[in-house]
2 protein chains.
Amino acid sequence: HKHGDKHQYSSTSLFGPALNIITEHSNTLSPIKVPVDENLIGMVLAEDVVARLPVPGYRASILDGYAVVASDGPGIYPVVGVSIANTSHLPADKLLPGQIARITTGGPVPPGATAVVMVEDTTLIRASADGLQEESVEIHVQVNDGANIREIGSDTSVGSIVARKGELLSAVGGEIGVLASVGVCVYRRPVIGVLSTGNEVIDHKNTLELKYGQIFDSNRPTLFSIAKATGFEVKDFGIVDDDPKELEKTLNTALTQVDVLVSTGGVSMGELDLFKPTLEKSLGATIHFGRVKMKPGKPTTFATLSGTSGAPEKLIFGLPGNPVSATVTFYLFVLPALRKLAGYENWNSPILPAELTDKLSLDPRPEYHRAVISFDHSKGKFMATSTGHQISSRMLSLRSCNALLKLPEKTDQCKELDKGSTVDAILIGQLS
Amino acid sequence: HKHGDKHQYSSTSLFGPALNIITEHSNTLSPIKVPVDENLIGMVLAEDVVARLPVPGYRASILDGYAVVASDGPGIYPVVGVSIANTSHLPADKLLPGQIARITTGGPVPPGATAVVMVEDTTLIRASADGLQEESVEIHVQVNDGANIREIGSDTSVGSIVARKGELLSAVGGEIGVLASVGVCVYRRPVIGVLSTGNEVIDHKNTLELKYGQIFDSNRPTLFSIAKATGFEVKDFGIVDDDPKELEKTLNTALTQVDVLVSTGGVSMGELDLFKPTLEKSLGATIHFGRVKMKPGKPTTFATLSGTSGAPEKLIFGLPGNPVSATVTFYLFVLPALRKLAGYENWNSPILPAELTDKLSLDPRPEYHRAVISFDHSKGKFMATSTGHQISSRMLSLRSCNALLKLPEKTDQCKELDKGSTVDAILIGQLS
Ligand SMILES: [Mg+2]
Ligand SMILES: [Mg+2]
């Protein structure tokens, strides 16, 4: 422990520049060809997708009614056929002027027909003796040519672009359905590794009791869950003791298997905080910053390791061991990097203005303060309520948090924000 | 085809009453005990979770510095020990007045110490000849008893409630970490089945080409993806031909395996629309409504089937075969039911006011109009842009849609909404 060399492996950064360094090193991964299924959700298209077939593929009725020759106009007509959205009932014969054919929604419009009249604008005049066949129907309205018909390719013509390079494929969008018949080219999603460090850190799967000085590892399961929930593949590299050789070995192994490695703990200034020296001296990684002026998250460390033989650079995050700090810095630093690697055009989380429901004391460091925001319809704005104690070791305050409030650093002029102040809220969870 | 009996199996409902019928039949499923891992995300606690161990489990330092006897005050003191957040360096001896011990963040505070002074408020006075041991250090400040110490159980005392019944477990909240050492009791998540109907409907996995009158099945992959992305387990029951026996058999099989069955197609008024008669006559299900006054989604059908021997009632949704209609009605009707079954207290999607960037024509039916909403920081409000053609067969208009705008039905007084009008937007996707 050298009392004076606390910055041996680290330069201190402000939050904005720190995030810029990370995103500058987060280069979109290579495109890959994948089948179209639910795994596409959250992936970004690496090339335009062009329609191979027209939609619809045949002239289709928009509604239930009668295919007609529009110029015939209102009157009583014989029903000469049926066209149902079903390949067992396809219209075979050409419809002649003076004839009509029953048709259901999505059914192929018979050749010769020029429009469809909705059933509500008709009256059944005569049916067969058994009541099963319509023989003649009165058409009450005059329709225009093309009425209620979707022409071939009118939704999507062959060769038209149905989805664009850079588009994020979401569950909402129905892209899965649109793209269903063609494999698509998307950017590869990064693979993430998580590990915890410290021989005081115990996996809850191994024991229910703690000895004096031990703590349960909540970071690994939490970060694993966040990465999964945000759509990325995660590998678990366990807990590493405070041993330089073991740490080096685990880091080396992990870095051959992942694009992004996220470690927690080992980044403070104690002599057993081996993460930075091991990265730099043993692995030859470049440490870009080792401290950030922020609360929580001060010891956040970011490093990169060059890829071998043209492989992309590996990103390495050393997050604080404190559970709340680890979670907050994952959302603020790691998630934007993962999204940018995956090809997202908007890699940052959305920011919404929110009004404080209570006063908040400021910290000497800029703070990312956990809160619940929800829209107040009577006030017409988002309201932000702190999720409790902000002592950074108190995990429970993260409960039902969905936002991080950006609070400025304390100054002589401003030591707290009043109730009713408006602040920027970074949305990291769901609105409800 | 009976021209006059279009409502044989269906009563028409307004949207609000229809949704109420559904949620009244969506009873929270039984609690189950599960291990704590990433699969917990999106589940709701079925009982309070009580702390089994205190957090912290020992008196821990909040920062790097020196453990002191606070009443000693400023001065130069001998360094008699080291306490690191690491089980290999535990403080053994009691700290006496006039002594100090080096301590790192998270390290156990030695017995006898009453406070921690941060390293920045100290100066190293003398080190050992090899420079590795601190021998004496000057303390510059007076601290209070308890300063910078987390007492045992101060975050969480044994027996205190760490998470409450009814709480939704999210990735954001860190609950996974908090709960890590105890199995928890959550409500079982519903299992969903999806199927498509119609012998004109072709699985894209089976062919790349379509014959006259055929269409690709985009609904099943889309709904499968949405259900997955929203965190539910889905089973795929394929495409069922328009054959009463086959439909009955598939419905019977599916309903033994799922809590909620979602079918698309077969709910219009044509004679091959077998869904409603099969449900009612062959399966003995109760059809609650078969039409809803809304656009899109008019033929949406909702039925229930009593469970056998105390099993919960099965919910059955017959959604329109049109891809956009199927997607929109899934979000509006099925998703709230799934959330309520899973124990969510807020089962509806959030609603936000949004200003139209363009005028919108109104429909005779209340409309759920697909749009992209995003927050405009200069205007201080959400802006809503239609995602294009609203002809309900045009799937592409769903692209990058994240909201459904609730538009009122057209009246003689109001045929369109002007640009700048504010409407309610149901948020169904991510803000960006
Ligand atoms: Mg450590
Ligand atoms: Mg059909």
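Readers should treat all values here as calculations from the given coordinates under stated rules, not as data from a laboratory. Since the structure is predicted, the reported quantities are computational estimates derived from the model, not experimental observations. Glycine also receives a Cβ, built like all others from the backbone with ideal geometry; neighbour counts cover every protein chain displayed.
About the Cα centre, and with charges only on the beta carbon of Lys, Arg (+1) and Asp, Glu (-1), how big is the dipole of the range B:63-127? Nearest 20 debye, please.
Result for the range B:63-127 is approximately 160 debye, rounded to the nearest 20.
Extension gain for the segment A:Lys379 to A:Leu96, taken as residue separation times 0.36 nm less the Cα-Cα distance, is 95.6 nm to one decimal. Assuming R0 = 25 Å, can you tell me the calculated FRET efficiency for the pair B:Thr23 and B:Ile161, based on Cβ-Cβ distance, to the nearest 0.05? Step by step, r from the Cβ atoms, then E = 0.30.
Taking the longest Cα principal axis of chain B as reference, the axis of helix B:15-24 is set at about 60 degrees.
The H on the amide N of A:Leu261, modeled in the peptide plane, is under 5 Å from the matching H of A:Gly193, A:Leu315, A:Ile316, A:Phe317, each at least 5 residues off or on a different chain. A simple spin-label model places pseudo-atoms 7 Å from Cα toward Cβ; at B:Thr12 and A:Asp130 they are separated by 3.2 nm. Return the subset of B:Lys33/B:Lys276; B:Lys165/B:Lys249; A:Lys381/B:Lys419; A:Lys165/A:Lys293; B:Lys228/B:Lys415 for which the Cα-Cα distance in this structure is over 31 Å, preserving the input order. Among B:Lys33/B:Lys276; B:Lys165/B:Lys249; A:Lys381/B:Lys419; A:Lys165/A:Lys293; B:Lys228/B:Lys415, the Cα-Cα distance tops 31 Å for B:Lys33/B:Lys276; B:Lys165/B:Lys249; A:Lys165/A:Lys293; B:Lys228/B:Lys415.
Summarising the amide proton neighbourhood of B:Ser218: residues at separation of 5 or more, or on other chains, whose placed amide H is nearer than 5 Å comprise an empty set.
Applying the Kirkwood pairwise sum to the alpha-carbon positions of the range B:17-80 produces a hydrodynamic radius of 18.5 angstrom.
With a 10 Å cut-off around each Cβ of A:224-235, the average count of Cβ atoms from other chains is 4.
With each label modelled as a point 7 angstrom along the Cα→C-beta vector, the B:Leu63-A:Val50 pair spans 6.3 nm.
The length gained by stretching the chain between B:Ser361 and B:Glu151 to full extension, at 0.36 nm per residue less their Cα-Cα distance, is 69.2 nm. Each of A:Ser88 and A:Ser30 was given a label point 7 Å from its Cα along the Cα-to-Cβ line. The distance between the two points is 5.1 nm. For the range A:63-103 versus the range B:215-237, the inter-centroid distance based on Cα atoms is 35 Å.
Histogrammed with a bin width of 10 Å, the alpha carbon distances of the range A:184-253 distribute as 18, 41, 30, 8, 3, 0 percent, first bin at zero. For the protein assembly as shown, the 222 nm mean residue ellipticity estimated from helices alone, with every DSSP H stretch of n ≥ 4 adding -39500 (n - 2.57) and the total spread over all residues, rounds to -3500 deg cm²/dmol.
Applied to the range B:248-264, the Karplus parametrisation 6.51 cos²θ - 1.76 cosθ + 1.60 on θ = phi - 60° returns per-residue 3J(HN,Hα) values of 4, 5, 5, 4, 4, 4, 4, 6, 7, 10, 10, 8, 9, 10, 10, 10, 10 Hz, with x for Gly and Pro.
Using DSSP to call loops (not H, G, I, E or B), can you name the trypsin sites (Lys or Arg not before Pro) in the range B:16-81 whose Cβ has at most 14 other Cβ atoms within 10 angstrom?
On the way: sites: B:Lys33, B:Arg52, B:Arg59; in loops: B:Arg52, B:Arg59.
Passing both the DSSP loop test and the Cβ count: B:Arg52.
In the range A:231-282 the Cα-Cα distances spread across 5 Å bins starting at 0 as 4, 18, 33, 25, 13, 6, 2, 0 percent of all pairs.
Translational diffusion coefficient, Stokes-Einstein: compute it for the range A:60-150 using the Kirkwood radius over C-alpha pairs as Rh, at 37 °C and 0.692 mPa s, and state it as an integer in µm² s⁻¹.
Details: Rh = 12.6 Å.
For these conditions, the coefficient is 261 µm²/s.
Eigenvalues of the Cα gyration tensor times 5, then square-rooted: what semi-axes does that give for chain A, in whole angstrom, largest first? Kindly include the intermediate steps, with their values, before the conclusion.
On the way: eigenvalues 783, 140, 69 Å².
Equivalent ellipsoid semi-axes, largest first: 63, 26, 19 Å.
Roughly what % antiparallel, to the nearest 5, for the DSSP beta bridges in chain A?
65
With θ taken as phi - 60° and the Karplus curve 6.51 cos²θ - 1.76 cosθ + 1.60 applied, the whole-hertz 3J(HN,Hα) list for the range B:333-345 is 10, 6, 4, x, 5, 4, 5, 5, 4, 7, x, 5, 7 Hz, x standing for glycine and proline. Considering only Cα atoms, the convex hull volume of the protein assembly as shown works out to 167 Å³ per residue.
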